[in-house]
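These notes are about the structure you will find just below.
The values are calculated or read from the model by the stated rules, or taken from the named source; none is laboratory data. Since this is a predicted model, take the numbers as computed values, not measurements. Every residue, glycine as well, gets a Cβ built from its backbone with ideal geometry; the counts of neighbours run over all protein chains shown.
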Amino acid sequence: MPQSVDLSVKSSTPPARQNPGAACEECRRRKVRCDRQQPSCGLCLSSGVPCQVTTPRPPRGPKRGYLKALQARIATLEGTLLQQQQQQQQNQNNNTNTITISPEDTTIDGITFTDHPPLTWDFPITTDDDTTLHDLCQGTAPGTASGGSSLDGGSVHASTSPIQGFETPSDGVGFSDVVLGRKMSELSEGLDGINISNLMQADLDQLYFDRVHSFSPVLHQRRYFTWARSMAKTEAQSCLRYAMWTLAASVSAHYQNVGDSLYRYTRRALENLESRCMGIAMTEMEQVQAWLLLAIHEFMCVDFSRGWVSAGRAFRLIQLNWLQYSDGTDVNLTQTDWVDAEQKRRTFWLAYCLDRFVSVRNNSPMTFSEQVMNTIRLPAPEIDFQNEQPTLTGFLSEAIAARDAIVTSTFTENIVVATVIGRALCHRQQSMVDNIYLNESRDFWDRHEWINAILIQRMEVFSLNYPTAVQEADPMVLFISMMWRTTVLYMYQLMKSVIHPTEEKRSILADYTRQSTIAAKEIVNLTNKLSQLNSFKVHPLTPIPLSLCADFFVSYHELGDTYTKQLQEITEAMHGLMSFSNLSNVGPGLGAYSR
């Protein structure tokens, strides 16, 4: 019997979620599901609007490769326009001696300065390279604001770098300048010479604040980056920026190859600026700072004599503009005025310390007299300075006279030790004058005991504020600790040159001998800690206390043969620092130390 088929069983295939076809425009606008009924969907029928369906729809986005092709066309058009502008400008200047430096051939002393639009100067073209560069530094590029610098491309046209601290496009710089500048920068990478790109500039800035600022804390970082990215930089600010890069390159193995070229460029720029600033009533602070930083670089990497001359230029500029650096009677300074005054104050104190430390090593007369120190306050703590927190500090005389004074910063402690050793130098020079006129009197002993009492007191305060562990770990504190003990040796050498063994003062000499031998041993111990520090972070004037200590060991053999090994350790440390500082060669040669 045939089986019957139940026709009531439904298919197991699930129905479609929606009817085939495209949704109407009204449903798309309202973002609801369209039932796709024809000729009108349910929503349009109930709303009384016409039901429109658009088919087919175009694909989303541009075609593949369209944007790249468009960018290439824009770059080509911009290059053509720029060539036309240059040709027009050349035609206008046919009757003038001009030189145009484009981004791809801005090479000075082996350095190619990239990321800058063409710069044009009007000046007679000569065959002497030094004269040409000197004249080039005098020129002013088109578009530079009044007082702006032609030494730094950032002061003429904005850079394309988005990095904080460098120029960004602003008024007067079009999109074509930016794009073409980037393309020229990429082309210059394949040229001969060395490129100072934006990344290198940022790295040199960071190196300066990481390794140099600790012993020359004269710059406010945010203020520096503010004017560094400005197109209206003064020439003094541009010189300061190059001096910072020069010193930063000298404390970096990576930039040793550009250090000499940066130095030559910076020095020529400063000399040119100085020659054109003759007769000006007031000198910009950045010019003084640039000379000080350049002098430190010359002490380290060039020549002691040249560094001393450069430092002297900064000293004289400060003396010529003394009222800028001295503090007035009004202490209610605004925040902006206080930061500016603090930078000038710190600039003076850096010059003051450099004057005394190098003068002691060279036994030369000092430039700044301590008599005027009560017109300038001591620098504020570093954290207050960088955070722009106005702080009223005391004067140097108050810091030295106070028995329980708490030093607010290593910079202040550096000023104090420079003052005390400066007094010892003045004491020595005065005693020489007395000997010439046969006028030796009790004044010598009074001065000597007075300076020695201050020396012992300040060394005790220093030890309380900076324990041994801190002295050995911080390069700045390590240098100050060495200088305190070097002052003890200096006072002993002065005493030894005056007192004769047959005189009744022999007991005093024995006491100073004991103090000096302890100080010399402590300097040797501190010298051994130098090997535990990064060589690039060692204070650049560290060879001064080391060489004075070596002089002490060489001059006084009667102290015993046990100091031969300590002299050898000092000599080895000085040999190690010769690759970082030429101050090791000042005074007696290393050959005398090794004998």
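Key figures
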| quantity | calculated |
| --- | --- |
| Hey, K529 assigned by TED's automatic domain parsing to the domain that holds S547, in contact (Cβ under 8 Å) with a residue 12 or more places away in the chain and in contact with an Asp or Glu (Cβ under 7 Å, 6 or more places away or on another chain) or not | yes |
| Matching residues in segment 242-272 - criterion: being surrounded by 19 or more Cβ atoms within 10 Å (Cβ to Cβ) and polar (S, T, N, Q) | T246, S250, S261, T266, N272 |
| Filter pass, E104 being modelled with pLDDT of 80 or more and acidic (D, E) | no |
| Search result, residues across segment 293-313 that are of a type in the set (A, V, I, L, M) and surrounded by fewer than 24 Cβ atoms within 10 Å (Cβ to Cβ) | M300, V302, V309, A311 |
| Subset of segment 362-401 (residues that are in contact (Cβ under 8 Å) with a residue 40 or more places away in the chain, in contact with a Leu (Cβ under 7 Å, 6 or more places away or on another chain) and either under 26 Å from D551 (Cβ atoms) or part of a loop (DSSP other than H, G, I, E, B) (or both)) | M366, P390 |
| Filter pass, T412 being crowded, with 18+ Cβ neighbours inside 10 Å, outside any helix (DSSP H, G or I) and not assigned by TED's automatic domain parsing to the domain that holds K537 | no |
| Test: residue in segment 273-286 that is under 16 Å from Q343 (Cβ atoms), surrounded by fewer than 22 Cβ atoms within 10 Å (Cβ to Cβ) and either free of Cβ contacts under 8 Å to residues at least 12 places away in the same chain or not β-branched (V, I, T) (or both) | yes |
| Looking only at segment 19-59, and only at residues there that are part of a loop (DSSP other than H, G, I, E, B) and polar (S, T, N, Q), the one that is surrounded by the fewest Cβ atoms within 10 Å (Cβ to Cβ) | T55 |
| In segment 205-235, residue nearest to F536 (Cα to Cα) [restricted to those that are outside any loop (DSSP other than H, G, I, E, B) and aromatic (F, W, Y)] | Y208 |
